[in-house]
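Below: one structure, written as structure tokens.
The values are calculated or read from the model by the stated rules, or taken from the named source; none is laboratory data. This is a predicted model, so every value here is computed, not measured. Cβ placement follows ideal geometry from the backbone for every residue including glycine, while neighbour counts extend to all protein chains displayed. Heavy atoms of the whole protein, side chains included, go into the accessibility calculation; ligands, DNA and RNA do not. Shrake-Rupley method; radii C 1.70, N 1.55, O 1.52, S 1.80 Å.
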Amino acid sequence: MGNPQQNRVVLSGRGRGRGGGQMGRGRPMSTRQSQRGAESERCTVSIEGLSSSTTDIQLKNLLRSIGPIEMFKMMPQHRKAIATFSNPQHAASFQMSFHRHMIDLSHIDVSLIDG
């Protein structure tokens, strides 16, 4: 009786769901939807709202988790980075997966831009 261990709840993982191991929580986008008009040619993403403690290595790892990148430029004074993927579908996939994703306690905004 009175055992304090009985009332303890132990939860593994973080947040809801533990499947996949993929960092992004965006919904997969159909290829037909991603190939509309000019967006199908956009290979460049703009990443804004970065934390001052976010490193270029962290961002490059996120980008490369989607596909190969041709160019990467980080502008810490503007809390922003720009990256160009080899494939426009990779850029669209990165935007869907990581827009409003939290990195270093900051929600990043990812948008597709003209290179």
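Does segment 102-109 include one or more residues that are touching a residue at least 12 places away in the same chain (Cβ under 8 Å), at positive phi and open to solvent by 30 Å² or more (accessible area, probe 1.4 Å)? Don't jump to the end; show me each part of the working.
Filtering segment 102-109 for residues touching a residue at least 12 places away in the same chain (Cβ under 8 Å) gives 103-109.
Okay, now just the ones that are also at positive phi, so 104-105.
Narrowing the set further to residues that are open to solvent by 30 Å² or more (accessible area, probe 1.4 Å) leaves 104-105.
Within segment 102-109 (the criterion being touching a residue at least 12 places away in the same chain (Cβ under 8 Å), at positive phi and open to solvent by 30 Å² or more (accessible area, probe 1.4 Å)), the answer is yes, since at least one residue qualifies.
Could you please find all residues in segment 68-85 being open to solvent by less than 60 Å² (accessible area, probe 1.4 Å) and out of contact with any Leu (no Cβ under 6 Å at 6 or more places or on another chain)?
From segment 68-85, those open to solvent by less than 60 Å² (accessible area, probe 1.4 Å) are 69, 72, 74-75, 80-85; that's our starting set.
Selection gives Phe72, Met74, Met75, Lys80, Ile82, Thr84, Phe85.
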